[in-house]
Each structure stands twice: as structure tokens, then as C-alpha cells.
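The structure under discussion appears below in the form of C-alpha cells.
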Amino acid sequence: MAAEPAARAGLDPSRAPAKVNLTLRVLGRRADGYHDLDSLVAFAGAGDRLSFAPGPDWAIRVEGPSAADTGDPADNLVLKAARALEARCPGLPRGSFRLTKRLPVAAGLGGGSSDAAAALRLLAASAGLPAGHGAVVAAAVATGADVSVCLDPSARMMAGIGERVGEKLGLPPLFAVLANPGVAAPTPSVFRELGLRPGQRLREDPGAPPPRGRAALMDWLAARGNDLEAPALRVAPAVGETLAALRATQGCRLARMSGSGATCFGLYDDCHAAARAARTLRTRHPGWWIAPTLLR
Ligand code: C5P
């Protein structure tokens, strides 16, 4: 699909929202080692921020509460995305990025991918390219498995290794609490723990798309899960504690892990129930990252 230009979609191009996998099914493992997925993704109000100013060369400054966890700025996916776009658009004006990192890192929220997608939106806007331009989409695929789905963030099905992105679903917004126990669940370790051989298939069907009504959607979500939850529990047992803590909050309708973890989410009937659950979790687990948020 071609993403809508960011301005037409009404999206603030500097916002890099957290991506949440409401469902994640692993269909099998490809010969190259990557896993084919079938996932419903949605995006949160919570996220990082990115700004861009033209300058002589590519540069990035990272600040914010999670800045210390982001590693060497030279390896940041924002710069990888910028270079991937420049390789496809010779003469693209260079410049420096300022990233305000609020999301936990390597947490199953696609934070780095969403930052990279925001960089592509900002660069496309500064170069006068529509956000759905072929070079932008190709640069997203080249930057990372999850970057494509973050280019125009709204609820969609995602397939392949993440590069096949469905149409906007227009789901009812979901009231959620995101909870991260501060323990890393590195994506490659979680996929490895799944234990599939290259070429091994688990399922062939891509699955039915979700219904649009809230009650039917909740039933559809309850009947599905995240295939990476069991391997993530072995890599990071704190995932189990996080799911149990969410399920113990008043009004929690459903709790699941996002991506390869360790962040989990709980769903609630309204924003008051979600806010109350977030307060309870902050009291019980003062060291955790907790964010009440709307998923859409
Ligand atoms: O592309 P990205 O850097 O996000 O992926 C990190 C790692 O996660 C890959 O190197 C691979 O081991 C694993 N992965 C996978 N199948 C996917 C996505 C990621 O096996 N669909």
C-alpha cells in the first residue's frame, strides 16, 4: 500500500508513537532465518519526539528519560533511515536530528522503528517528497522489519517479516495501559527461543481481519494471542509478572505482551479505568515504566 502524505493524514511528522502488537502470530521461519508474521498493530498516544534541522552532515542528539539506554548515537536507526533515503535520493539535503527518547528501549514497542519512520517523514517533508513516495517506502524496508508499518501509524494488519502493510482499519480506539518491567527481552533471543528451523512452517493461513465493532473486536482479540509470549517468558520471566500485575488491576479486560516483549498491555472499557489501573501499577511497581494511553 502507499502511505498517505503525512500532512493529508493529519499526522504530526515529529511524533514517533509506540507501536503495539494487539495480536502476533508466527506463520513460520524463512530460509534466511527471519520469521513470517501475521499481526494486528495499533499505535499509542505515548511516544518519542524527533525534530530535524538542515546542516552540513548527518548528526543526531539524543535526550530524554530513555536516552541513556539507546547506545551509540552513530548506530541509531534514525541515521540508518536517513542514509537509506539518501542512497535512493542523491542530493537529499542532510542535517541533524534531535530525538527525545521517552519510550523504553528494546521493549517490543517498535520505538527505534517509529523513530526511523519519523525521520523518513521529516526528510520527505523537507525534500518535498510525498510520504508514500517509492524511495521513502524502500528506505523504510531497508532500515528494519518494523519501519514500514510505522510510516503512517494507525491500526493495520502487518504480514511478511513486517514489510507487508495492510490498509488502515479504522478500529474503535482502545483504552490501554502499557507496562514495562525494566527488563530487556532482546528480539533475536526471543525468536531464537521459539526454536523453528529455517524453512519450517507453523501455519499457512494469514487469518481473518478483525471486526470493527468494539465488543466483537474484544472477542476477536481474546481468541488470539502473541506467539512470542511463551518464548519471551523463558528469556525474561518478568514478562509473566507484568501480565499478572495487569490482569490483577480492576477492570482489565485483556492483557497481552507486545512484539517480542517485555512490554505488556492491558485493555480497559474507558479512560477512567485505564488511569486507575496505571495509578495502581505505579504504586505496586514503582520501578516500572507505566503509560495509560489510547491505541488507534
Ligand atoms: O529487523 P530487526 O532489526 O527489527 O530484527 C531484529 C532481529 O529479530 C532479526 O535479526 C531477527 O533475528 C529477528 N526477527 C525475525 N523475524 C522478524 C523480525 C525480526 O526473526 N519478522
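Would you call Val62 free of Cβ contacts under 8 Å to residues at least 40 places away in the same chain, more than 19 Å from Trp288 (Cα to Cα) and among the aliphatic types (A, V, I, L, M)? So Val62 passes the test.
Filtering segment 172-190 to residues that are more than 13 Å from the ligand (Cβ to nearest atom) and buried (at least 21 other Cβ atoms within 10 Å of the Cβ) leaves Leu174, Phe175, Ala176, Val177, Leu178, Ala179, Asn180, Pro181.
If I filter segment 26-56 down to residues being outside any strand (DSSP E or B) and of a type in the set (D, E, K, R), which single residue comes out as nearest to Ala82 (Cα to Cα)?
Filtering segment 26-56 down to residues outside any strand (DSSP E or B) leaves 30-34, 55-56.
So of that shortlist, the ones also of a type in the set (D, E, K, R) come out as 30, 32.
Numbers: Arg30: 28, Asp32: 26 Å.
Restricting to residues being outside any strand (DSSP E or B) and of a type in the set (D, E, K, R), the top hit is Asp32.
Of the set (1) over 13 Å from Leu178 (Cα atoms); (2) touching a Phe, Trp or Tyr at 6+ places or on another chain (Cβ under 8 Å), all apply to Asn226 but (2).
Of all residues being within 13 Å of the ligand (Cβ to nearest atom) and within 17 Å of Leu103 (Cα to Cα) in segment 8-40, which is surrounded by the fewest Cβ atoms within 10 Å (Cβ to Cβ)? Just the residue, please. Taking the candidates together, the pick is Asn21.
Can you tell me which of Glu193, Glu167 is outside any strand (DSSP E or B) and within 16 Å of the ligand (Cβ to nearest atom)?
Details: Glu167 fails: within 16 Å of the ligand (Cβ to nearest atom).
The match here is Glu193.
Could you go through segment 115-132 and let me know if any residue there is under 22 Å from Arg29 (Cα atoms) and at pLDDT 95 or above. Full working, then the answer.
Taking segment 115-132 as the starting set, the residues that turn out to be under 22 Å from Arg29 (Cα atoms) are none.
No, there is no match, as no residue in segment 115-132 is under 22 Å from Arg29 (Cα atoms) and at pLDDT 95 or above.
Those residues that are away from the ligand (no atom under 16 Å from the Cβ), among the small types (Gly, Ala, Ser) and farther than 26 Å from Gly182 by Cα, I need them from segment 50-86; list them, please. Once the filter is applied, which keeps residues that are away from the ligand (no atom under 16 Å from the Cβ), among the small types (Gly, Ala, Ser) and farther than 26 Å from Gly182 by Cα, segment 50-86 yields Ser51, Ala53, Gly55, Ala59, Ala82.
So which of Gly110, Gly132, Gly128 is in contact (Cβ under 8 Å) with a residue 24 or more places away in the chain and either among the polar types (S, T, N, Q) or over 18 Å from Thr293 (Cβ atoms) (or both)?
Working: Gly110 fails: either among the polar types (S, T, N, Q) or over 18 Å from Thr293 (Cβ atoms) (or both); Gly128 fails: in contact (Cβ under 8 Å) with a residue 24 or more places away in the chain.
Every option except Gly132 fails the conditions.
Kindly establish whether Arg83 is over 21 Å from Pro153 (Cβ atoms), modelled with pLDDT of 95 or more, not aliphatic (A, V, I, L, M) and not in a loop (DSSP other than H, G, I, E, B). Yes; evaluated as a whole, the condition is true for this residue.
Total residues in segment 153-164 satisfying the condition of being in a loop (DSSP other than H, G, I, E, B), more than 12 Å from the chain's Cα centre (by Cα) and more than 11 Å from the ligand (Cβ to nearest atom): the figure is 0. Of the residues Arg247, Arg201, which is touching a residue at least 60 places away in the same chain (Cβ under 8 Å) and exposed (fewer than 14 other Cβ atoms within 10 Å of the Cβ)? Exactly one residue qualifies, and that residue is Arg201. The set of residues in segment 132-152 that are more than 14 Å from the ligand (Cβ to nearest atom) and either β-branched (Val, Ile, Thr) or over 18 Å from Ala16 (Cα atoms) (or both) comprises His133, Gly134, Ala135, Val136, Val137, Ala138. All conditions but one from (1) closer than 28 Å to His35 by Cα; (2) more than 22 Å from the chain's Cα centre (by Cα) apply to Leu267; the one that does not is (2).
Among the candidates Gly108, Gly112, Gly47, single out the residue that is surrounded by 20 or more Cβ atoms within 10 Å (Cβ to Cβ), more than 16 Å from the ligand (Cβ to nearest atom) and under 14 Å from the mean Cα position of the chain (by Cα). Please lay out each step first, then the result.
Details: Gly108 fails: more than 16 Å from the ligand (Cβ to nearest atom); Gly112 fails: more than 16 Å from the ligand (Cβ to nearest atom).
Answer to the selection: Gly47.
Every condition in (1) touching a residue at least 40 places away in the same chain (Cβ under 8 Å); (2) surrounded by fewer than 17 Cβ atoms within 10 Å (Cβ to Cβ); (3) within 14 Å of the ligand (Cβ to nearest atom) holds for Gly225 except the one numbered (3).
The values are calculated or read from the model by the stated rules, or taken from the named source; none is laboratory data. Computed from a predicted structure; not experimentally measured. All Cβ positions, glycine included, derive from the backbone under ideal geometry; neighbour counts span all protein chains shown.
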